[in-house]
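See below for the structure under consideration.
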Amino acid sequence: MKAIRYYRYGPPEVLKLREVDVPAIGDDEVLVRVRAASVNPLDWHFMGGTPYLVRAQAGLSRPRARASRLGADMAGSVEAVGSNVTGLRRGDEVFGGLDDRGTLAEYISIRQDGAVLAKPKGLTFEQAASVPVAGCTALQALRDKGRVRPGHKVLINGASGGVGTFAVQLAKAFGAEVTGVCSTRNVDLVASLGADQVIDYTREDFTRAGRRYDLLVDIAGNRTLAETRRALAPKGVLVGVGGPDKGRSVKMVLLSPAVSQRMVFFLARLNKADLSVLGELLAAGKLTPVIDRTYSLGEVARAIGYLKQGHARGKVAITV
């Protein structure tokens, strides 16, 4: 099968399309023929080996063999099942992902108790593959870390990106009053997702507008902690989302106990329960993936290069 591999850290050019063995499956695993995947900021962190915190997991000087794979999201069809697998059979269309990466390939193996479920009807493979990481991140930021409630005033800083487009829709589904922050060209997009107000950051500084929010989900991370806190209610919650920004996360952890506002920085974890929640919302039409561009498996380097520019509207999908 064809799969994306990288054997040294660096720019997108280090990514290679290689012929590798189709993974074997155990008794509790399924073999999935990947039809689509998507890329996430974590992919370029592992590809580049930066910040160096990721090398503790992937390998200090170069990626270890297991770590030389990229991709966490996927959608496809079940090709084979292990002898103990129940609930899935050959031909079923599924979506989900791998915490240890490797979905940028024609086939993957995944445990039946892992993050894999039936693909919601009506979604393309590309749409379904855009959901797992970004959707779970948005869900966990709002529900688990932010403890959002109906009527809460919620601000999403970075509302037009992969996580942001899901966060706007999920916050509305939870009954919140939602304000999205984005650039001029994305104002209409964010409004179409259900945001009650949209702030164009090129024209207005949300940290100086005088409005206070019960929950601020900070995906962009483009303002200082002191500036961001100005937009929080006295008992408000700041949830930092994104790559392993160690300096910012340490500041939040150290400052939070000393102030009335609660500050949390986290990295999401894929799991079947949260994927099921997202699947129900997708099936009910309360959540719609936004896809900016679609690339082929052989164009993954271009896809990650585009994503790294920071201007993607929604998700960047890969057709396998």
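The values are calculated or read from the model by the stated rules, or taken from the named source; none is laboratory data. Just so it is clear, the structure is predicted and the values come from calculations on it, not from any experiment. All Cβ positions, even for glycine, are placed from backbone atoms using ideal geometry, and neighbour counts span all protein chains on display. For accessibility, only protein heavy atoms count, side chains too; no ligands or nucleic acids. Shrake-Rupley method; radii C 1.70, N 1.55, O 1.52, S 1.80 Å.
Summary of values
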{"quantity": "Helix-only CD estimate at 222 nm, as mean residue ellipticity for the chain, using -39500 (n - 2.57) per DSSP H run (n ≥ 4)", "calculated": "-6500 deg cm²/dmol"}
{"quantity": "Candidate aspartates and glutamates for bridging to K153, where Cα separation is under 16 Å - those fewer than 8 sequence places away on the same chain excluded", "calculated": "E177, D196, D214, D218"}
{"quantity": "Reachable aspartates and glutamates from K2, criterion Cα separation under 14 angstrom, eight or more residues apart if same chain", "calculated": "E19, D21, E106, E299"}
{"quantity": "Lysines with Cα under 21 Å of K308, excluding same-chain neighbours fewer than 8 positions away", "calculated": "K16, K246"}
{"quantity": "Where labels lie 7 Å past Cα in the beta-carbon direction, separation of D205 and A226 in nm", "calculated": "1.2 nm"}
{"quantity": "Where a label projected 7 Å from the Cα of S183 along Cα→Cβ would reach, residues of segment 280-320 with amide N under 15 Å", "calculated": "292-293, 306-315"}
{"quantity": "Gaussian network model of the chain, Cα within-10 Å springs - most flexible of A273, A226, A138", "calculated": "A226"}
{"quantity": "The chain - charge dipole about Cα centre, Lys and Arg +1 at Cβ, Asp and Glu -1, debye rounded to 20", "calculated": "860 debye"}
{"quantity": "For the chain, built as a Gaussian network whose Cα springs stay under 10 Å, the top-fluctuating residue of A129, A209, A37", "calculated": "A209"}
{"quantity": "Gain in span if fully extended, S296 to R212, counting 0.36 nm per residue against the direct Cα distance", "calculated": "25.9 nm"}
{"quantity": "Segment 134-244 shape via C-alpha gyration tensor axes, a/c threshold 1.5", "calculated": "rounded"}
{"quantity": "Simple spin-label estimate for S260 and R8 in nanometres, 7 Å along Cα-Cβ", "calculated": "5.6 nm"}
{"quantity": "Whole-Hz ³J(HN,Hα) from phi, Karplus 6.51 cos²θ - 1.76 cosθ + 1.60, for segment 198-204, glycine and proline x", "calculated": "10, 9, 7, 5, 6, 10, 9"}
{"quantity": "Local net charge near R18, Cβ-Cβ under 10 Å (Lys/Arg +1, Asp/Glu -1)", "calculated": "+2"}
{"quantity": "Within the accessible area of segment 103-236 (1.4 Å probe), percent carbon and sulfur", "calculated": "48 percent"}
{"quantity": "Solvent-accessible heavy-atom area per residue, rounded to whole Å², over the chain at 1.4 Å", "calculated": "44 Å²"}
{"quantity": "DSSP bridge pairs, the chain: antiparallel proportion in percent, nearest 5", "calculated": "50 percent"}
{"quantity": "Around A173: net Lys/Arg minus Asp/Glu count, Cβ-Cβ under 12 Å", "calculated": "+2"}
{"quantity": "GNM flexibility winner over the chain from V148, V241, V14 (Cα, springs under 10 Å)", "calculated": "V14"}
{"quantity": "³J(HN,Hα) computed for each position of segment 71-83 - Karplus, 6.51 cos²θ - 1.76 cosθ + 1.60, integer Hz, glycine/proline x", "calculated": "x, 10, 9, 7, 9, x, 10, 6, 9, 7, 10, x, 5"}
{"quantity": "A173-S61 FRET efficiency (beta carbon distance; Förster radius 35 Å; 0.05 resolution)", "calculated": "0.20"}
